[in-house]
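Comments concern the structure below.
The numbers here are math on the coordinates, done by the rules we state, and not lab data. In this text, all values refer to a predicted model and were calculated from it rather than measured experimentally. We place every Cβ from the backbone using ideal geometry, glycine too, and count neighbours over all the protein chains shown.
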Amino acid sequence: MIIKERNLAVAIILTIVTCGIYGLYWFVKLTDETKYLTGTDGADGITALLLTLVTCGIYGLYWNYKLGEKVDMLKRNRGQDSTSSSVLFIILAIFGLTIVNYVIAQSELNCYANA
């Protein structure tokens, strides 16, 4: 799987301009790419999206927590110190700032896309 570098500003603007539709695509790609890079088990992107919709966002909180763990794992793989991103991701998600989680995770994925 090829990890695609995404411009963070463009991704945010597209998410806003498309009223969140690009955000759904971004969600699926983040899920698939972090799962591939970390080698962890779990739902693929489409399944995670459907579970989030069916559970009215409850699965989304779990997904954010797991995404934080994967971001920490990716940072450790690159030799960086990693704090508990999971807690930060949950707090941001509770306050409706999940797009910030997307940006943090995509920033980490961009490091792998450039490598």
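Structure notes:
- Per residue of the chain, the DSSP helices (runs of n ≥ 4 H) give a summed -39500 (n - 2.57) that works out to -24000 deg cm²/dmol at 222 nm.
- Charged side chains reduced to their Cβ positions (Lys and Arg at +1, Asp and Glu at -1) give the chain a dipole of some 100 debye around its Cα centre.
- Near the amide H of Gly20, within less than 5 Å, lie no amide hydrogens of residues on another chain or at least 5 residues away, with H placed in the peptide plane.
- The order of Phe89, Phe95, going from fewest to most other C-beta atoms within 10 Å of their C-beta, is Phe95, Phe89.
- Annotation: the residues Ile104, Ile2, Ile13, sorted from fewest to most other C-beta atoms within 10 Å of their own C-beta, follow the order Ile2, Ile13, Ile104.
- Each other residue within a Cβ distance under 12 Å of Ala11 adds +1 if Lys or Arg and -1 if Asp or Glu, for a net charge of +2.
- Restricting the calculation to Cα atoms, the chain yields a radius of gyration followed by a Dmax of 13.2, 38 Å.
- Burial ordering of Thr38, Thr18, fewest other beta-carbon atoms within 10 Å first: Thr18, Thr38
- Distance from the alpha carbon centroid of region 15-62 to that of region 93-115 works out to 12 angstrom.
- For region 32-46, 3J(HN,Hα) computed residue by residue from phi via the Karplus equation (6.51, -1.76, 1.60; θ = phi - 60°) reads 5, 6, 5, 4, 5, 5, 8, x, 8, 7, x, 5, 6, x, 5 Hz, glycine and proline entered as x.
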